[in-house]
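> Here you go, one structure.
Quick note: the coordinates plus some simple rules give every number you see, no bench work behind them. Fair warning: this is a prediction, and the values are worked out from it, not measured in the lab. Please note: Cβ atoms are built from the backbone with ideal geometry, for glycine as well, and neighbour counts cover all protein chains shown.
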């Protein structure tokens, strides 16, 4: 029996990834629970399992007395001498309990507790494994979809990818292999919930780290990111090594690196922008693919006025204002864009107002002289 038990313990340990010692403790606790239940919940009943042989000993601890008043907790001196001859009055002696006396119900209880504890141990292992992976990119296989939730197989467990955290108009099918950003791991009554996202801006950061060795090595830095999932992403990069072109490293030979990321994102456009300490230069670059003529900034209010050629204005603003919105988010500056025509008209109006003001001041001066 003990040999078979050891084999079962070793098998479960291998299959479930739970340590042998942990399983023995679970089994010990389960059998103790069943034994105490059999004997009316008495707390003076204990049990232990030998970690090497898996042999099980159940016993009740009793105090040696001259005259037994409570047979559940006390034992006579003569009877105690048969078990432990060296014990004296007042000592505690361990009285063996035959395990076969536990009965079928107790054994079933032990079985249920074992399964429950194994599940709990599995949940703890999964939680400990994935809580340290928050912020990383994981790859998995789509298992099924239920109530706007995709269940993704990752390793020995399932992760959750909400429909709202997938790319717009993206429909995943059973068996599809997908990458996603592991955004959260939390404990629930049903076990750890592993939450994935394909819309989080950090998903883009993670993909670049995977594709661009210079980023994972810390040579190229990602200074900022702004994203409209499924539409466009702007990412600002710089290099700690003057011999390494940050943008070139991200684009890759003939665009292979960035194209790989674009494919994963189902065609989402990516603007890779060289970061600059000068806000004027950075704002102008952030409005890519548009080319702007001039940038004026108010550093106190962190606002910027951008002047663009009339033909570049719509490109700088973008469809539904997307380009300027992403540039604002990326730079952290509130950006206003004017066309050359609008700017010239405003300047002309300001000039006219200045002339009118000067003329009025001159008339007023002459009037005072008279």
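> Apply the Kirkwood formula to the range 1-94: the hydrodynamic radius equals the inverse of the mean of 1/r over all pairs of different alpha-carbon atoms; give it in Å with one decimal. Spell out each step's value before the answer.
Values: mean 1/r = 0.0663 Å⁻¹.
Computed over the range 1-94, the radius equals 15.1 Å.
> Along the Cα→Cβ direction, 7 angstrom out, place labels at residue 262 and residue 55. What is the inter-label distance in nm?
Result: 7.2 nm between the two label points.
> Shifting gears a bit: Relative to the longest principal axis of the chain, what angle (0 to 90°, nearest 10) does the C-alpha long axis of helix 201-211 take?
That works out to roughly 80 degrees.
> Answer with a single label: of [x] 37.7; [y] 21.9; [z] 18.4, which was calculated as mean projected area of the Cα convex hull in nm² from the structure in view?
[x]
> If the elastic network links every pair of Cα atoms under 10 Å, which of 80, 34, 284 fluctuates the most in the Gaussian network model of the chain?
80
> Be a star and scan the range 209-249 for residues whose amide nitrogen sits under 20 Å from the point 7 Å along the Cα-to-Cβ vector of residue 139.
The answer is 209-217, whose backbone nitrogens lie closer than 20 Å to the label point.
> Another question, then. How tilted is helix 20-38 with respect to the longest principal axis of the chain? Cα atoms for both, answer in degrees (0 to 90, nearest 10).
Tilt relative to the chain: about 50 degrees.
> I've got another one for you. Among 253, 210, 305, which comes first, second and so on when ranked by fewest other beta-carbon atoms within 10 Å?
Ascending Cβ contact count within 10 Å gives the list 253, 305, 210.
> I would also like to ask the following. How far, in nm, would the chain grow between residue 254 and residue 99 when pulled straight, counting 0.36 nm per residue and subtracting the alpha carbon separation?
Numbers: separation 155, 0.36 × 155 = 55.80 nm, distance 7.34 nm.
Extra length available between residue 254 and residue 99 comes to 48.5 nm.
> If I fit a long axis through the Cα atoms of helix 340-369 and take the longest principal axis of the Cα atoms of the chain, what angle between them do I get, 0 to 90°, rounded to 10?
60
> Computed FRET efficiency, Cβ-Cβ of residue 219 and residue 83, R0 41 Å: what is it to the nearest 0.05?
The calculated FRET efficiency here is 0.05.
> Please rank 263, 257, fewest neighbouring Cβ atoms within 10 Å first, as an exposure proxy.
The fewest-first ordering by Cβ neighbours comes to 263, 257.
> Which of 245, 165, 176 moves the most in a Gaussian network model of the chain with Cα springs under 10 Å?
Of 245, 165, 176, the Gaussian network model singles out 176 as fluctuating most.
> With labels modelled as points extended 7 Å from the Cα through the Cβ direction, what inter-label distance (nm, one decimal) is found for residue 243 paired with residue 72?
8.2
> Sticking with this one: Under the definition of Cα pairs under 8 Å and six or more residues apart, what whole-number percent is the relative contact order of the chain?
That works out to 8 percent.
> Follow-up. Report the FRET efficiency, 1/(1 + (r/R0)^6), for residue 116 and residue 325, where r is their Cβ-Cβ distance and R0 is 56 Å, rounded to 0.05.
Using R0 = 56 Å, I get an efficiency of 0.60.
> Continuing with the same structure: Hey, rough spin-label estimate for residue 338 and residue 179, points 7 angstrom out along Cα→Cβ, what's it come to in nanometres?
Taking the two extended label points, one gets 4.4 nm.
> Rg over Rh of the range 139-197, using C-alpha atoms and the Kirkwood radius, what does it come to?
In the range 139-197, Rg relative to Rh is 0.93.
> Taking R0 as 41 Å, what's the FRET efficiency between residue 277 and residue 25 from their Cβ-Cβ distance, rounded to 0.05?
Here the calculated transfer efficiency is 0.10.
> How much of the DSSP bridge set in the chain is antiparallel, in percent, rounded to the nearest 5? Could you put the intermediate results ahead of the total?
Working: 48 of 65 bridges.
Of those bridges, close to 75 percent are antiparallel.
> Another question, then. May I ask you to derive the relative contact order of the range 200-275, considering only C-alpha pairs under 8 Å and at least 6 residues apart, and to give it as an integer percent?
The normalised contact order for the range 200-275 reaches 32 percent.
> Further question on the same structure: Test of understanding: in a Gaussian network model of the chain with alpha carbons linked when under 10 Å, which of 98, 279, 192 would top the mean-square fluctuation ranking?
Looking only at 98, 279, 192, the biggest GNM fluctuation is shown by 98.
> If I take every Cα pair under 8 Å that is 6 or more residues apart in the range 247-341, average their sequence separation and divide by the length, what percent do I get for the relative contact order?
Reported relative contact order: 22 percent.
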